[in-house]
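Structure first, commentary second.
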Amino acid sequence: MSPSNTIAFQHSTIDNQREGKCNLALVALGGNLKGQMDSPIAQIDTAITEISFADLGLCAISRYWRTPAFPPGSGPDFVNAAVACQTALAPSEILSRLHEIEERAGRDRVARWAPRVIDLDLLAVGDLVLPDAQSHNDWRNLPLEEQKIRAPDTLIVPHPRLQDRAFVLVPLADIAPDWRHPVLGQSVAQMLAALPAEDLRQITPISHEIHGSLPLDGLSCGPHRSKDGA
């Protein structure tokens, strides 16, 4: 699950208050409705293209993966992917741009964990913990029954469910296996290895190409495109 064409990390992140410095932003994509397109795959394609033109510094794209809906039985299978960006934008601005892409695709937020056209989750921004360590711990440890009915009214990064979800970690391991959770201290590869084997058996690749990687000389804030031009 750790291809050779992956991100080379410097692990010296990245003070957003210093001009010209970038954070590594990790974003999960998923959808199981075709919406305005002819398939969920086309929705993911379009969302990635929009990210590449949203001044977010797109620099790596995972394979696409077919995953069962969560919670089980809640809808058709999903298409999931992950992208990495390098950007000096504040986390709130990154999230705003992702929400704009969702809205243009026709994303409807009437119910949690319902079938959806597109879902763009900001998983992490460098080694930032927002809004603070205690709030992050509270949301990360929220019981499942409360997760079904409660949603935070502020941005939480890293995403509080990141470490629990195979449909997030499997694509993320394509492009960022060595990224380390700033609270848990575990890499993506380690978090993925800790998941039940049954969770992983249900996830299958749709595509076999990893489309890009970060430059080996570290993070810079210039414009970036993936290797296939997206």
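Annotations
- Close amide H pairs (under 5 Å, H built 1.01 Å from N) link VAL157 with LEU130, residues at least 5 positions away or on another chain.
- Computed about the Cα centre, the dipole magnitude for the range 23-205 is approximately 320 debye when only Lys and Arg (+1) and Asp and Glu (-1) carry charge, each at its Cβ.
- Spherically averaged projected area of the range 71-204 from its Cα convex hull (nm²): 8.4
Read the figures in this text as sums done on the coordinates, not as results from a lab. All figures in this text were calculated on a predicted structure; none of them were measured in a lab. Using ideal geometry, Cβ is built from the backbone for each residue, glycine included, and neighbour counts are taken over all protein chains shown.
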